Amino acid sequence: MVRTFTSLALMAMMLRLSMAANYTVGGPNGGWDATTNLQAWAASNKFLVGDNLIFQYGLVHDVNEVSKADYDSCQITSPLKSYSGGTTVIPLSSPGKRYFTCATPGHCAGGMKLEIDTLATSTPPLASPLTPPPASPSLPSPPTTSTLPPASTDIPPASSPPPEIFNLSPSQSPEMTPTMSPSAPRTSPLTSPTPSPATAPSIDGFMKTPLASSASKESLQSSLTMGISLVIMMILLAI
């Protein structure tokens, strides 16, 4: 796996080198001369490892790669490399800053100098080998059939019959008062029957007779009182 990613990184780098950009210094509207703003041109471009610088110039100019100190002072006493001939191609093979000037007197001080900052080519990081995700715990399979409780075979006992209601006689239940009609008197089993209804009234008649007598007496007294009152009033009116 690591070898595979290393091979891919090398292939990407080779592809980048094969697709290297070529930059014409000062172009497209200028060149390697004293009238072009070379510093602004360099700031407007991004240089990567594998790119190429193309210097195009006249016979009165040349190209010298110098140190940082000679670049700042424009004193070209010991150039690192010198080029001439009108066209010079310089590959940017390593990251870092490089400095170029023209050796013609007065040209460096007039602005014919160039600082190039070469950036390293970005390569994809090596990926760690992929590890398979942990297997999820197996879930228990659902039951295929459901278990039902066995049917109950017990037969509930038959309900007991409701209690019988006995009709109690008046002698057995003293709280119950018998209702007897006057036409059919009922005699007690303990006493002998009386010879006639007049001398032996029924129980209802015996209970209701005193109440009727008192009511008739009250009505009679009321009638007498009213009659006497009327007589007294008539006498008073006659007088």
Problem - Failed criterion for Ile90 (all others in (1) surrounded by 12 or more Cβ atoms within 10 Å (Cβ to Cβ); (2) over 20 Å from Asn22 (Cα atoms) hold) - result: (2)
Exercise for the section: Go through segment 39-69 and give me each residue that's open to solvent by 30 Å² or more (accessible area, probe 1.4 Å) and in contact with a Pro (Cβ under 6 Å, 6 or more places away or on another chain). Expected result: Asn52
Handout entry: segment 93-109 - residue that is touching a residue at least 24 places away in the same chain (Cβ under 8 Å) and exposed (fewer than 14 other Cβ atoms within 10 Å of the Cβ) and, of those, nearest to Tyr57 (Cα to Cα)
Key = Ala109
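Let's see how each residue does on (1) open to solvent by 60 Å² or more (accessible area, probe 1.4 Å); (2) at pLDDT below 95; (3) out of contact with any Phe, Trp or Tyr (no Cβ under 9 Å at 6 or more places or on another chain):
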position: Met1; (1), (2), (3): yes, yes, yes
position: Leu8; (1), (2), (3): yes, yes, yes
position: Met11; (1), (2), (3): yes, yes, yes
position: Met19; (1), (2), (3): yes, yes, yes
position: Asn22; (1), (2), (3): yes, no, yes
position: Val25; (1), (2), (3): no, no, no
position: Trp32; (1), (2), (3): no, no, no
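The values are calculated or read from the model by the stated rules, or taken from the named source; none is laboratory data. Just so it is clear, the structure is predicted and the values come from calculations on it, not from any experiment. With ideal geometry, Cβ positions are generated from the backbone for all residues, glycine too; neighbour counts draw on all protein chains shown. Accessible surface is based on the protein model in full, side chains and every heavy atom, while ligands, DNA and RNA are left aside. Shrake-Rupley method; radii C 1.70, N 1.55, O 1.52, S 1.80 Å.
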